[in-house]
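*Asks:* One structure coming up, written as structure tokens, with questions to follow.
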Amino acid sequence: RVAGAAGKLRVASVGCGGKGWSDLVNTAASPNVDVVALCDIDESKDHFGRASEKFPQAKRYTDWRRLLDDAASFDAVIVSTPDHMHAPISLAAMQLKKHVQCQKPLTHTVHEARQMQLAAKKYDVVTQMGNQIQSHSAYRTAVAAVHAGAIGKVREVHSWQGGSPTWRLVDDRPAGSEPVPTTIHWDEWLGVAPERPYLPKIYHAFNWRNWLDFSNGQLGDFGCHILDPVFMALKLTAPTSIRADAPPMNKEVWPKSETVVYEFPGTDITAGKSVRVTWYDGAKVVPPRETLGLPESVKLGGAGSVLVGEKGSMLIPHVAMPTHYIDGKPAEKELPVVEARDHYVSWADACRGEDKTTSHFDYASPLTETVLLGTIAARLPGSVLKWDSAAMKLTGAAEAQAMLTKPYRKGWEPTWI
Ligand SMILES: NC(=O)C1=CN([C@@H]2O[C@H](COP(=O)(O)OP(=O)(O)OC[C@H]3O[C@@H](n4cnc5c(N)ncnc54)[C@H](OP(=O)(O)O)[C@@H]3O)[C@@H](O)[C@H]2O)C=CC1
Ligand SMILES: O=C1CO[C@H](CO)[C@@H](O)[C@@H]1O
């Protein structure tokens, strides 16, 4: 299903101003990729302008639905929009048998994540979530070392993101509106989300992360990075229970901090029949040190995970090499370093039948479901939610099941699998 000249993959990019710029440029680094189409709702210099200067031959769109109308012109699509539009665009593309690379978190709701997994399978397309750190040497080294038994069977995990949410500009929806700049297609930016008036900076660009309608807050933003090596190392599938502590929410913006406790069924990598993974976020937040089995001198850093095993503990900083400790001291043996992969080009090569992806939706959907179940728990603080993944049933609070999905704007409803 690659129809470009000389077997080249014809790539379309949707959302090429922010992270999409690096997704596009890194994928286009492959000599076997042709960038044939660009779609962005912001026609200003730093968004669409930059991409169309670099790829002048690419056809330009401001509405992804019109891009999909021209389905015969491309083989694969990169989706790097804000989170609420990942699934609607990716599902529609997969239904046209297009290969998909989609940013993290894969989706905005648990239901959408399951749909993405089903669609990738049904339409037999090559997929990759944009949690590119999975392909770095650091995370690959950590996963391989845990699999090789460097710290023995894993008893518990603590993961954290202690950065302050810079996107938290306001604590509630501001009144009023301003005229939409002529370069911005606001209705297309809103997409499936309920209509709301335009205000500069508050939503687009980047600060949409504050809002329930577009994002899943700090856990949604970083869970698919920081929990990724944990999920992969422990071979986790789906949590059975989730409980969060978080301040009460106002149904508009995500909390400034949250703690989420997940229980997962044990695996051949874990010590017991179940394993607990605790997530912490908020400015300067770190997990309680006494639980971690690390020497006092070890600094935890701003974000990462500590895996506590039967033989020792491993610190996996967010984007740095792991270190491990036996009996509370630095281990004598160094961890064998595993080389990096190219997260972007490997997807393009896989689309051409010459490689395999590692964050395909069979992996990325369950990881995203886990992250998003944590965000549901944060909306229902104190409730112990029980998750039956096969039946997709979330119990433990009256509203829980309904939070697996959301209302879609009339006329923008996705076509489900
Ligand atoms: N893997 C990683 O390390 C990172 C991943 N991300 C992820 O990338 C995604 C984008 O985030 P970020 O770049 O920060 O967000 P921005 O808001 O900065 O940029 C999003 C881009 O998508 C465009 N866009 C928005 N809606 C549409 C649409 N419906 N159709 C076409 N284009 C659209 C935007 O245009 P406009 O400029 O008008 O908004 C902009 O160019 C998110 O899912 C985020 O989680 C982000 C940073 C790093
Ligand atoms: O890795 C990342 C860097 O920060 C961004 C903004 O919070 C995240 O979205 C992104 O995933």
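The values are calculated or read from the model by the stated rules, or taken from the named source; none is laboratory data. Here the structure is a predicted model, which means the values were calculated and not measured. In this analysis, Cβ positions are derived from the backbone assuming ideal geometry, glycine residues included, and neighbour counts consider all displayed protein chains. Surface areas here come from the heavy atoms of the whole protein model, side chains and all, with no ligands, DNA or RNA. Shrake-Rupley method; radii C 1.70, N 1.55, O 1.52, S 1.80 Å.
*Asks:* If you average the C-alpha positions of segment 299-338 and of segment 207-254 separately, how far apart do those two centres end up, in angstrom?
*Replies:* A separation of 23 Å, based on Cα centres.
*Asks:* Counting only heavy atoms of the protein chains, get the accessible area per residue of segment 193-334 (1.4 Å probe) and round it to a whole Å² value. Provide the component values of the computation, followed by the final result.
*Replies:* Values: 6100 Å² over 142 residues.
It amounts to 43 Å² per residue over segment 193-334.
*Asks:* Moving on to the next point. Based on the mean of other beta carbon atoms within 10 Å per residue, what is the order of 404-411, 142-149, most packed first? Don't skip to the end; give the middle numbers.
*Replies:* Working: 404-411: 12.8, 142-149: 19.4.
Final packing ranking: 142-149, 404-411.
*Asks:* Assuming R0 = 35 Å, can you tell me the calculated FRET efficiency for the pair Met249 and Thr291, based on Cβ-Cβ distance, to the nearest 0.05?
*Replies:* Working: r = 27 Å, r/R0 = 0.78.
Plugging the Cβ-Cβ distance into 1/(1 + (r/R0)^6) gives 0.80.
*Asks:* On the protein heavy atoms, probe 1.4 angstrom, tell me the percent of accessible surface of the chain carried by carbon and sulfur. Spell out each step's value before the answer.
*Replies:* Numbers: 8980 of 16830 Å².
Here it works out to 53 percent.
*Asks:* Could you give the length gained by full extension between Arg65 and Glu53, i.e. 0.36 nm per residue of separation minus their alpha carbon distance, to one decimal place?
*Replies:* On the way: separation 12, 0.36 × 12 = 4.32 nm, distance 2.27 nm.
Length gained, Arg65 through Glu53: 2.0 nm.
*Asks:* Taking the Cα atoms of segment 180-270, what is the range of coordinates along each of the three principal axes, in descending order and whole Å?
*Replies:* Over segment 180-270, Cα extents along the principal axes are 56, 28, 19 Å.
*Asks:* Taking loop as defined by DSSP and a crowding limit of 13 other beta carbons within 10 Å, which trypsin sites (Lys or Arg not before Pro) in segment 326-368 fit?
*Replies:* Working: sites: Lys333, Arg341, Arg352, Lys356; in loops: Lys333, Arg341, Arg352, Lys356.
Filter output for segment 326-368: Lys333, Lys356.
*Asks:* Here's a follow-up. Given the Cα-Cα distance of Val180 and Lys273 and 0.36 nm per residue of separation, how much length would full extension add, in nm?
*Replies:* Numbers: separation 93, 0.36 × 93 = 33.48 nm, distance 5.49 nm.
Length gained, Val180 through Lys273: 28.0 nm.
*Asks:* I would also like to ask the following. Can you tell me the Rg and the Dmax, both Å, for the Cα atoms in segment 79-125?
*Replies:* Looking at segment 79-125, its Cα Rg and Dmax stand at 9.4, 25 Å.
*Asks:* Strictly over 28 Å apart at the Cα level, which of Lys122/Lys273; Lys201/Lys251; Lys153/Lys333; Lys19/Lys284 would you flag in this model? Intermediate values should be presented prior to the final figure.
*Replies:* Working: Lys122/Lys273 33 Å; Lys201/Lys251 20 Å; Lys153/Lys333 18 Å; Lys19/Lys284 25 Å.
From Lys122/Lys273; Lys201/Lys251; Lys153/Lys333; Lys19/Lys284, over 28 Å: Lys122/Lys273.
*Asks:* Please check: in the Gaussian network model of the chain (C-alpha springs, under 10 Å), which one of Thr358, Thr27, Thr291 has the largest mean-square fluctuation.
*Replies:* Thr291
*Asks:* If you average over every viewing direction, what projected area does the convex hull of the Cα atoms of segment 268-409 give, in nm²?
*Replies:* Numbers: hull surface 52.8 nm².
Its average projected convex-hull area is 13.2 nm².
*Asks:* Can I ask one more? Could you pull out every residue, at least 5 positions away or on a different chain, whose amide H is within less than 5 Å of the one on Ser13? Hs are placed 1.01 Å off N in the peptide plane, and Pro or chain starts have none.
*Replies:* Ala37, Leu38, Cys39, Ile78
*Asks:* Return the sequence-ordered ³J(HN,Hα) values of segment 284-295 in whole Hz as given by the Karplus equation 6.51 cos²θ - 1.76 cosθ + 1.60 applied to θ = phi - 60°, using x for Gly and Pro.
*Replies:* Each residue of segment 284-295 in turn: 6, 6, 9, x, x, 4, 5, 8, 9, x, 10, x Hz.
*Asks:* Tell me which residues come under 5 Å, amide H to amide H, from Asp213 once H is placed; ignore anything under 5 positions away on its chain.
*Replies:* Here nothing satisfies the definition.
*Asks:* Once both axes come from the Cα atoms, what is the angle between helix 110-123 and the longest principal axis of the chain, in degrees from 0 to 90, rounded to 10?
*Replies:* The answer is roughly 70 degrees.
*Asks:* Then there is this: Got the relative contact order for segment 53-176 handy, in percent, Cα pairs under 8 Å and 6 or more residues apart? Don't skip to the end; give the middle numbers.
*Replies:* Details: 101 pairs, mean separation 21.5, N = 124.
RCO, segment 53-176: 17 percent.
*Asks:* Restricting attention to segment 174-257, which GluC sites (Glu not before Pro) occupy a DSSP loop and are surrounded by at most 10 other Cβ atoms within 10 Å? All intermediate terms of the calculation are to be shown ahead of the outcome.
*Replies:* On the way: sites: Glu188, Glu195, Glu252; in loops: Glu195, Glu252.
Passing sites in segment 174-257 are Glu195.
*Asks:* Ok, one more. Could you state the angle between the C-alpha long axis of helix 86-95 and the longest principal axis of the C-alpha atoms of the chain, as a value from 0 to 90 degrees rounded to the nearest 10?
*Replies:* That works out to roughly 70 degrees.
*Asks:* Ranked highest first by the average count of other Cβ atoms within 10 Å around their residues, in what order do 159-170, 30-41 fall?
*Replies:* Order by mean packing, descending: 30-41, 159-170.
*Asks:* Rg(Cα) of the chain divided by 2.2 N^0.38 Å?
*Replies:* Details: Rg = 21.2 Å, N = 417, 2.2 N^0.38 = 21.8 Å.
Computed over Cα atoms of the chain, the ratio equals 0.97.
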